[in-house]
Amino acid sequence: MNTEIGTGAPPRPDIGEGWYERLAGEFASPWFADLKAFLIEERSRYTVYPRGKDIFQAFKRTPFDSVRVVILGQDPYHGPGQAHGLCFSVPEGLPSPPSLGNIFAELQRDLGIARPDHGNLGKWADQGVLLLNATLTVRADQAGSHQGRGWERFTDAAISALARERKGLVFLLWGRYAQNKEPLIGQDHHVLKASHPSPLSAHRGFIGCGHFGQANGLLCEQGHPPIDWSL
């Protein structure tokens, strides 16, 4: 099914198992119609990332009932070919951006996992790690250009649905932007906070946070298997 928003998307987008039932009201809302109109205009004038079929990739790779860990990003990478619908991730064959490099550095420090030769985090998503950006599209070469257009409302609804219907999830909130989502999460989940892995802030608390090992410990305490963070 075609999932491209802004290019004649069908009434029921292919957003993955369990998610549409929770988010159908958002798709049907007037503000989402405004978002679609905005994206139609953007795509007519600019290059927009990611490709339409990848906009909902985080949801498709990690069904609602499979989510165990949530990592929140801000908006997609805005360089050619980088964004593919999973926060912090890039397709194989592209160099890892600096923030992702620091994530790999902390993985090695925390769990002894050697830096991989690619930056595709799809293996995490397939194990129940929801890699969700707050904003799901961006104009090429203009970071933050699609913020405040409606995506945040949509992804907040997704976070709220998880918080309401699931128990014991582990939320990794890196940086102030992600930490501002904490009120949506409530008391039935585990929240781990650190600075953002960006080179500007990684050494103010992200490097040394131990979140990967802590997340696995919290999962194991609930009788769930740990995440294999290696790629």
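Where a number appears in this text, it was derived from the coordinates with a stated rule and is not lab data. Model, not experiment: these values are computed from the prediction. Cβ sites come from the backbone with ideal geometry, for glycine too, and all protein chains shown count toward neighbours.
Points to keep in mind about this one:
- The phi torsions of the range 91-102, fed into the Karplus equation with coefficients 6.51, -1.76 and 1.60 and a -60° offset, translate into couplings of x, 4, x, 9, x, 6, x, x, 4, 5, x, 6 Hz, rounded to whole numbers, with Gly and Pro shown as x.
- Relative contact order of the range 73-209, defined on C-alpha pairs under 8 angstrom at six or more residues apart (%): 26 percent
- Hydrodynamic radius (Kirkwood) for the range 63-129, which is based on Cα pairs only, to one decimal in Å: 12.7 Å
- Put simply, when 111-118, 44-51 are sorted by average Cβ atoms within 10 angstrom per residue, most first, you get 44-51, 111-118.
- Cα centroid separation, the range 104-153 to the range 191-231 (Å): 14 Å
- Extension gain from S29 to R115, taking 0.36 nm per residue of separation minus the Cα-Cα distance: 26.6 nm
- Reach of K53 by Cα under 15 Å, taken over aspartates and glutamates that are not fewer than 8 positions away in the same chain: E4, D14
- Values of log10 I(q)/I(0), in the order q = 0.09, 0.15 Å⁻¹, for the chain under a Debye, Cα-only, solvent-free model: -0.34, -1.00
- C-alpha long axis of helix 151-165 to longest principal axis of the chain, angle in °: 50 degrees
- The fraction of Cα-Cα pairs per 10 angstrom bin, counted from 0 for the range 94-135, comes to 26, 56, 18, 0 percent, rounded to whole percents.
- About the centre of its Cα atoms, the range 164-231 shows a dipole size close to 260 debye [charges on the beta carbon of Lys, Arg (+1) and Asp, Glu (-1) only; nearest 20 debye].
- Estimated D of the range 98-231 in µm² per second, where Rh is the Kirkwood radius over Cα pairs and Stokes-Einstein applies at 10 °C, 1.306 mPa s: 99 µm²/s
- Over all orientations, the range 1-127 has a Cα convex hull whose mean projected area works out to 8.6 square nanometres.
- Charge dipole of the chain (Cα centre as origin; +1 on each Lys and Arg Cβ, -1 on each Asp and Glu Cβ, all else neutral): 260 debye, rounded to the nearest 20.
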